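Encoded as structure tokens, the structure appears first; notes follow it.
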Amino acid sequence: MKRSWAVGVSALNGVNVPHRRLLASGGLVNAGFAASGVFVSLFFYVTSGSVTKMALYSLGNYTGLTLGFLAVARWFPETSPRRLFRAGLGLNAIFYLLLIVLGREAGDLAVQLGLASGLAAGTYWLGANTLTYDVLSPEGRGLYYGVNFAVTSVLNVVMPLAAGAVIGRLGGEAGFLAVFCIALAAFALAWLAARGLSATPGVGYVPLRRALAVALGRSDWGRMWLALVMRGFKQAAGGLGLIVLVALATHNPAAQGEFVAVASLAGVATSVLAGRLQSGSRSLGMWVGAAGFAATTVLLFFKADFAMLMAYGALSGLVYPGLMVPLAAGVLDVIGADPEAARLRGAYMLSQEVAINAGRAAAVVVLVALLGAVKPVGAVLVVLSVAAALQLAAAHLGSVALGNTARV
């Protein structure tokens, strides 16, 4: 842990002041998500006793994310990304306040609350992603994302463990509600911290057809768009599926925090190193990350007990940043290669989020369909296997897109 921390501190020395402000405010947001993310989904499972209900919350969340992007682009086209960033933080705080007020009754409103959470997150991420594109220079993108993912990994170690300990200490509904209070406080602090961020122009009105046309009209972005769909599928398959596997293996909410902590700790140094890859090495990093993740997924077919899940979490957490970090930085590189990027950045941002959330929603739909035919463990393993295969395709598509961009 000391070695990983030293790597992170060293990397921060290369990040300039505007980037540090973005990291600081984003860090508070990530702290809130890290403390509560796993436990919100688990809360719907605990209050309803149904994996399907938990999946429906996730489906509502991913649908709401896309609707949130579309609504903001439609009704607030000239609003500064910084203002959207802060508005999203306020809406997220309101969502957690709703969970606290509703308590156990939230289980009966899984889809509706999922939509509310998604709308809040969609507002935040449109502001955050656009602001990130506006603030970061091309040469600083890899380093920024490497440090950002490393900081997020550290938070994903500390916050889920702390949240799990709170739930274990207080027990039952009271423990979950205390964790939601922590998340609410984190979003409130992030709202205050975001005052120092740069004010940049709004994204302009972006109809959905224009966002989709970007992917159809430019081959490199089309490849990256498909890679993002596959990344979104993996995020939802892993995020939701692994909650189910850990819950069935342990029946202990605190174990969720332990699993996330191990997986995140493994990726701290790897994220920073992946962020330092030069443009010529990014394709290799993506292939190593995708192949390593696919190989690690095979472990779960031998045994899906908690020990094996922890081994899977550590190994996948170690290798996956090789794909995730270059792909995230590469998205901005491909956008920046368009001579009309300044005018079309809003369309690109919306296109990106439609892709990711389409992949996430597809993973949930496949999981819900499989739950009606096979046992939960089997359904999750099938979805994770599909996700692993898709990451290999994502590495190929991302590599081709980045290679073409480098030659422009």
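Which aspartates and glutamates does Lys53 reach when only Cα atoms under 14 Å apart count, and residues fewer than 8 places away in its own chain are ignored? Candidates past the 8-residue exclusion: Glu105, Asp108. Multiplying the residue separation of Thr250 and Arg104 by 0.36 nm and removing their Cα-Cα distance gives an extension gain of 50.4 nm.
For the peptides 103-109, 132-138, the ranking by packing is 132-138, 103-109, with the highest mean count of neighbouring Cβ atoms within 10 Å listed first.
Here the calculated FRET efficiency for Ala393 and Tyr205, from their Cβ-Cβ distance with R0 = 25 Å, stands at 0.15, rounded to the nearest 0.05. Estimated at 0.36 nm per residue, the fully extended path between Ala185 and Lys53 surpasses their Cα-Cα distance by 44.8 nm. Taking every Cα-Cα distance in segment 163-230 and sorting them into 5 Å bins from zero, the calculated P(r) comes out as 4, 12, 11, 9, 8, 9, 14, 14, 11, 6, 2 percent.
Projected onto planes of every orientation and averaged, the convex hull of the alpha-carbon atoms in segment 359-408 covers 3.7 nm². In this rough spin-label picture, where each label sits 7 Å from Cα along the Cβ direction, the Ala174-Arg343 distance is 6.2 nm. Look at where the Cα atoms of segment 140-156 and of segment 82-113 average out, and the two centres are 26 Å apart. Full extension of the segment from Trp75 to Ala165, taken as 0.36 nm per residue of separation minus the current Cα-Cα distance, would add 28.2 nm. Other residues within the sphere of radius under 13 Å centred on the Cβ of Met230, judged by their own Cβ, net out at +4 (K and R +1, D and E -1). Taken over the chain, the alpha-carbon convex hull comes to 120 cubic angstrom per residue.
Separation of segment 166-211 and segment 301-380, taken as the distance between their Cα centroids, equals 21 angstrom.
Taken together, the values in this text are just the output of simple stated rules run on the coordinates, not laboratory data. None of the values given here were measured: they were computed from a predicted structure. Methodologically, a virtual Cβ is constructed for each residue, glycine included, from the backbone with ideal geometry; neighbour enumeration extends over all protein chains shown.
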